[in-house]
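*Asks:* Got a structure for you, questions after.
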Amino acid sequence: MEILIDVLGPISVKDGEGRSIAVGSQRRRELLGRLVAAGGRAVPLPLLIEDLWEDPPPTAAGTVRTFVSELRRALEPDRSPRTRSQVIETVGTGYALRIPRARVDAHRFEDALRAARHAPSGQVAGALSEALSWWAGEPYADLDASPWLVRERARLAELHRQAIELRARAVLDLGRGTPLIPELEAFATTHPWREQAWVLLSHALYQADRQVDALASLRSARARLLDQFGLESVDSLDHLERDILRHAPHLTPSPRDEDRLRLLNRTEATGTYTRLRSMSTVAGAAAITGGTNLVLAQEQRAAAVAEAERTSDPDLTARVIAAYDVPTIWTRADDPARSEALVATTRRTLHRLGPGTSPALRARLLATIGLEHRGTRDRWAAEAAAEAEQLARDLRDPSVLVLALNARFVQSFQHPGRTGERDAFAGELIDLSTRHDLPAFEILGHLIKIQVCAARGDTEAAQPHVVAAERLAPSHEIPLVHVLTTAFRTMRLAQRSNEPAEVAHAYRALATELASAGMPGLEAGIFALALLSLRLRHQRPAPTDPGLDWGPYRPWVQPLLDLARGNLAAARRAAATLPTPPADHLYDALWAVNAHTAILLQDESLATRAHDALRPLRGEIAGGTTAMITFGPVDDILAALDHLFGTR
């Protein structure tokens, strides 16, 4: 039986399905904790007795053996009598816990921290954000302090502090330190003796264009270290202060691809055709690395397309548009105005090219329209994607077909209940990309598969695709994959955990990662929606923290916010003007929100509309297609509506 042990908080033991395993009294949990702390090494019986009792009784050795026997029965209920234990092994006169390190959160955390010390910054931030999300409080929180435990808690706490600092340094190296400021302010205040904490905070303030605050923070830290610890000069503080005063370039790093893009933009010796098409090509290569590169790449692409159109050469414009060959996983555009402008340019270009253009180029332009006009109910965009697919199949060109299938995927959200269709697209993307060496689209196929499995509530089936995507991502420099797989794991935690605080903590860590992902179309409002889903599933009112960013989703949550504040009249007014959710990843999630609103307000009209909207999604998870958040099974929501309103 697979066993999972968590000690970064109260000791918790679960089986592979997430069911709790009772391990008995506090003494038995302490013995288990002591074996966990040994990290797989054998602990001699005399040392166990010494650690478990301040003044051991004469029967201590027999008691330890009894505890071990009882733990073995709890952890291996199907083990035959007198057969060797595979979990707690007898080694000489002592015992060793034989559980893979990946199944113990403390060991997994240590291994993640060790690996992060040698990984690129783009991977460190995401990996450590996930690892820090495993902490649910003080290690071994349900045990009384004893000498061995005091030492182990201190050791783990120091690793936790190192992980916070290493993650912050990685985020700063990416030039994305601004969102870290509140966390680093609290960290530096809690650990004033850690000079690195003040360095990181001041660096983040500088990246937020708060130079005066950054310098003030450094000088305050220097004074505090002198007053409390007698440190007259700290080199790291002095060096950062000098760098801030001279605006050292490394404090606001320019990613490698950003430098390449700027070089191409300023090269006058290159001909217009080569320069503009190269700008778009390099922008595509930069975009998949995420973060600031993605933001800059999108700007560079838009600039190249606009300049190409000004040449009045439709063939040049078409090839500049088509050179940006980047997979799209999310249905809300990062910059809707820019997407609309690109669609308009592409449509004009198709018209000017006329019927004589090559099928491959036409297919790429049509796919671009389908991709950029995602999240809408524009029939022409769906037809463009379908025509692009047919042209690509006729051409037997895999590089064009994967782009067309991507367009068909985002356009499939125009109608609910297309999970099977998306599953087929994903399978073909993986097959084509594997056979024709198209790794970015192979990753896309696996990410879509994860969404499909999450929508169906089959998170186990998603695991091979998580593994495959994460295996491919590092070698092809696509760090956004880790953000999305972390989001999936957080959703899975939300489905399994009965501890809302634990899940909320994980979502906060995810929000930090999203802040540096360069995908505002995904980031805006998603954290607030995740907290709302958590509240509703635990029968609690909507979160009313004024600092929460609801992004584009506020109209749908406003009635629930009004109710949480006790304003029934305002809630009814807001519910009366609810817009139809857009045709994107959040369609079913927002209808789930509307269903909850209808139930709380006893609004039969809204209930009927919610029932009609969710009915095609029977058997699925509301919000599951995001692979990020969950409002629970659609069937449960429909049953609640039926029970109250007879909407069947």
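The values are calculated or read from the model by the stated rules, or taken from the named source; none is laboratory data. Just so we're clear, the structure is a prediction, and the values are computed from it rather than from any experiment. Heads up, the Cβs are rebuilt from the backbone with ideal geometry, glycines too, and the neighbour counts pull from every protein chain shown. Quick note on the areas: whole protein, heavy atoms, side chains included, nothing else; ligands and nucleic acids left out. Shrake-Rupley method; radii C 1.70, N 1.55, O 1.52, S 1.80 Å.
*Asks:* Compute the signed sum of charges (Lys and Arg +1, Asp and Glu -1) over the other residues within less than 12 Å, Cβ to Cβ, of V150.
*Replies:* Around V150, the surrounding residues sum to -1.
*Asks:* So how far apart, in nm, are the two label points at R114 and A344 if each is 7 Å from Cα heading toward Cβ?
*Replies:* According to this spin-label approximation, the distance is 5.7 nm.
*Asks:* Determine the gain in length on full extension of the stretch H191-E460; use 0.36 nm per residue of separation and subtract their C-alpha separation, reporting nm with one decimal.
*Replies:* Roughly 92.8 nm would be gained on extension.
*Asks:* With Cβ to Cβ distances under 15 Å as the rule, what net charge do the other residues near L52 carry (K, R +1; D, E -1)?
*Replies:* Once positives and negatives cancel, what remains is -2.
*Asks:* Another question about this same structure. Taking square-rooted eigenvalues a ≥ b ≥ c of the alpha carbon gyration tensor, is the range 68-113 rounded, prolate or oblate, where a/c under 1.5 means rounded and, failing that, a/b exceeding b/c means prolate?
*Replies:* prolate
*Asks:* Of the listed values [x] 33.0, 113; [y] 27.9, 96; [z] 31.4, 94, identify the label whose number matches Rg and Dmax of the Cα atoms in Å calculated from this model.
*Replies:* Checking each listed value against the structure points to [y].
*Asks:* What does the convex hull of the alpha-carbon atoms of the range 385-513 project to on average, in nm²?
*Replies:* For the Cα atoms of the range 385-513, the hull's average projected area reads 8.6 nm².
*Asks:* Right, next: So, with a 1.4 angstrom probe, what is the percent of accessible area on the range 345-394 that is carbon and sulfur?
*Replies:* Details: 1120 of 2310 Å².
So the carbon and sulfur contribution to the accessible surface is 49 percent.
*Asks:* Hey, another quick one. Using a simple spin-label model with points 7 Å from Cα along the Cα→Cβ vector, what separation in nm is obtained for S605 and R377?
*Replies:* Here the answer is 1.8 nm between the modelled labels.
*Asks:* Any chance you could get the radius of gyration and Dmax over the Cα atoms of the range 338-461, in Å?
*Replies:* Using the Cα atoms of the range 338-461, the pair Rg, Dmax is 14.7, 50 Å.
*Asks:* Additional query: Give me the percent of accessible area attributable to carbon and sulfur for the range 288-335, probe 1.4 angstrom.
*Replies:* Carbon with sulfur: 47 percent of the solvent-accessible area.
*Asks:* Same structure again: What does the extension gain come out to for R540 and V212, with contour length at 0.36 nm per residue minus their alpha carbon separation?
*Replies:* The R540-V212 span can extend by a further 113.8 nm.
*Asks:* How much length is gained if the chain between E470 and Q26 is pulled fully straight, taking 0.36 nm per residue apart and subtracting their Cα-Cα distance, in nm to one decimal?
*Replies:* Result: 155.9 nm gained on full extension.
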